[in-house]
Amino acid sequence: MLRITNLKLPLSYTEAMLHQAAADALRVPVSALRQVTLARRAVDARKEVCFIITADVTLADEKKVLSALQRKGKGKNITAVQPFCMPVYAPTVRKLRPVVIGCGPAGLFAAWVLAQAGTAPILLERGQDVPSRMAALERYHATGVLDPECNLQFGEGGAGTFSDGKLNTGTKDPRIRLVLQTFAECGAPEEILWQAKPHIGTDRLAVCIPTLRKKIEAWGGEVRFGAKCTALHTEKGSIRGVAYEQNGVSHFLETDSVILAIGHSARDLFATLHAMGLPMEQKAFSLGVRIEHLQADIDRICYGKAAGHPALGAASYKLAVHLPNGRGVYSFCMCPGGSVMAAASEPDTVVTNGMSRFARDARNANSALLVGITPGDFGDDSPLAGIALQRKIEQAAYKAGGCNGAAPVILAEDLVQRRVSTGFGRIMPSYPMGTKFAPLEETLPAFICDALREALPLLDRQLHGFYQPDAVLTAPETRSSSPVRLLRSPETLESIGVKGLYPCGEGAGYAGGIVSAAVDGIRCAEMLLARS
């Protein structure tokens, strides 16, 4: 198979035009092409908006064609590649069943690998399945009463279930294709296999995550919901078992292998692990707000006259600036055509996150606008100091919002001009539990507020129109990543000091999104199997 990169085609291209472009690049007639498959499609909006396409082509004598192109110096954008094949995990005999703690992307994909290998893993999840989570969120929005064990952070699929479902990642691991292919087989849109910025959307994730879990169960795995890990048992430096509670009853699982994929919000379990002496350290993370614009404005800013073309969909952006004092401010988890979500996992706190459906057809665009912080900002040398800082901010936001679950908000220009907002402009906030105008300093540390003030006009130079006077800032965004790293061996991926324990995914400090967490789960499962 030959891969052709950098094919430039108009927004309204046809299949015939793609075939002709591939044939022209290969210097062969269209009739010589046996199959043309879209491998990647990205938008180029630098001048006239168009698509930049990568296509995989099969034809009769690929080696001959490629050699001829290379002799003529015409093969710069053409390479020979092997078709992707899903891996097969050989059956493994184990005396004890492995345990996976956490049903987010890392835990699910770890259990998926282990189940295929015939190890019958047991997956413990403190939250509930997707339908139960959706019902719990609806109750929270309607009543303000939070279920601390079943919410946006805890439950089947992890926090990513209620997000934009973005699958782009900065990592280059070949397992990425495995993750995308698996999601597609579980009901995700086929487009994720070729989109430059693939996403699934909350509505589609709510279907494909349970399908993935059912595959695990069909291969002999077992998923126990409402099963909250309370302790890990070790003996002579090796894992020996897991204690958990389910329906008020204590249980113990004997095992010699545990994948710890607990996510970034399992604060009580982090405290338990710290108390038992598990090696961990502070980790840099970010704090800030969600910023909302009208999606139509973002489309126009990004695409100009092409805005609204049916082939483009809702526009997204990615911005970053380094301030003179060394602070970094950047957009994160941009949700085109989406909503700001209530993401608390503890009572009397306010936390925000972003969500969008596959169609990305809501009125507003939203993104986290974050300021990077380091352990030097935590105010304490405890490994859990970052968690304490998060909690302090989330509790302050609850008070600033009026102690009823509403979120504190401020308009962009009012933040920069150090004023308290008194009314909304064209952009109405989408946060589902109400909002209250309040100075941002009532929620976030002053240095974060100052960094955001300084950054907004600078970011506008990168995306003119980003700093709109009536853009809505909703606080706080505190859960962008884990403030803790559980130390593990880079060779075996086992916890330093505890054999058979594999800290994994975003919560352990080794991933930064759905795909990278899933890849880390696969890697940990493969290392566990190799140790058998």
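For the reader, a short list of remarks on this structure follows.
- Complete set of residues in region 268-303 that are charged (D, E, K, R), within 25 Å of Arg485 (Cβ to Cβ) and in contact with a Ser or Thr (Cβ under 8 Å, 6 or more places away or on another chain): Lys283
- Test: residue in region 369-384 that is over 30 Å from Met280 (Cβ atoms) and in contact with a Lys or Arg (Cβ under 8 Å, 6 or more places away or on another chain): no
- Residue match in region 510-521 (condition: part of a loop (DSSP other than H, G, I, E, B) and modelled with pLDDT of 95 or more): yes
- Subset of region 498-517 [at positive phi and touching a Cys at 6+ places or on another chain (Cβ under 6 Å)]: none
- Only one of Met428, Met527 that is closer than 25 Å to Gly144 by Cα and surrounded by fewer than 24 Cβ atoms within 10 Å (Cβ to Cβ): Met428
- Residue in region 466-475 that is out of contact with any strand residue (DSSP E or B) (no Cβ under 7 Å at 6 or more places or on another chain) and under 20 Å from Ile410 (Cα atoms) present: yes
- For region 312-360, the tally of residues that are on the phi > 0 side of the Ramachandran plot and open to solvent by less than 10 Å² (accessible area, probe 1.4 Å) stands at 1.
- Qualifying residue in region 490-507 (condition: in a loop (DSSP other than H, G, I, E, B), among the hydrophobic types (A, V, I, L, M, F, W, C), open to solvent by less than 10 Å² (accessible area, probe 1.4 Å) and over 15 Å from Arg175 (Cβ atoms)): no
Here's the yes/no breakdown for (1) modelled with pLDDT of 95 or more; (2) within 23 Å of the chain's Cα centre (by Cα); (3) open to solvent by less than 40 Å² (accessible area, probe 1.4 Å):
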site	(1), (2), (3)
Ser421	yes, no, yes
Glu441	yes, no, no
Pro457	yes, no, no
Pro469	yes, no, no
Pro476	yes, yes, yes
Pro483	yes, yes, yes
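- Selection from region 114-132 of residues that are assigned to a helix (DSSP H, G or I), within 23 Å of the chain's Cα centre (by Cα) and crowded, with 24+ Cβ neighbours inside 10 Å: Leu114
- Note on region 46-103: residues that are farther than 24 Å from Lys8 by Cα and either assigned to a loop (DSSP other than H, G, I, E, B) or open to solvent by less than 80 Å² (accessible area, probe 1.4 Å) (or both) amount to 22.
- Region 162-187, subset within 9 Å of the chain's Cα centre (by Cα) and among the hydroxyl-bearing types (Ser, Thr, Tyr), residue farthest from Tyr317 (Cα to Cα): Ser163
- Counted residues, region 276-301 - those being open to solvent by less than 20 Å² (accessible area, probe 1.4 Å) and either acidic (Asp, Glu) or out of contact with any strand residue (DSSP E or B) (no Cβ under 9 Å at 6 or more places or on another chain) (or both): 2
For every residue, the table says whether it meets (1) closer than 30 Å to Ala111 by Cα; (2) surrounded by 22 or more Cβ atoms within 10 Å (Cβ to Cβ).
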site	(1), (2)
Leu444	no, yes
Gln462	no, no
Leu473	no, yes
Gly512	yes, no
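- Residue satisfying condition, being among the basic types (Lys, Arg) and more than 26 Å from Ala311 (Cβ to Cβ), within set Arg40, Arg71, Arg46: Arg71
- Whichever residue in region 163-174 is open to solvent by 10 Å² or more (accessible area, probe 1.4 Å) and within 21 Å of His264 (Cβ to Cβ) and, among such residues, is modelled with the highest pLDDT: Asp173
- Being without any contact (Cβ under 8 Å) to a residue 24 or more places away in the chain, small (Gly, Ala, Ser) and open to solvent by 40 Å² or more (accessible area, probe 1.4 Å) is a property that Ala388 has.
The values are calculated or read from the model by the stated rules, or taken from the named source; none is laboratory data. Everything quoted here is computed from the prediction, not taken from an experiment. No Cβ is skipped: glycine too gets one built from the backbone with ideal geometry, and neighbour counts run over all protein chains shown. Just so you know, the surface numbers come from the protein's heavy atoms only, side chains and all, with ligands and any DNA or RNA stripped out. Shrake-Rupley method; radii C 1.70, N 1.55, O 1.52, S 1.80 Å.
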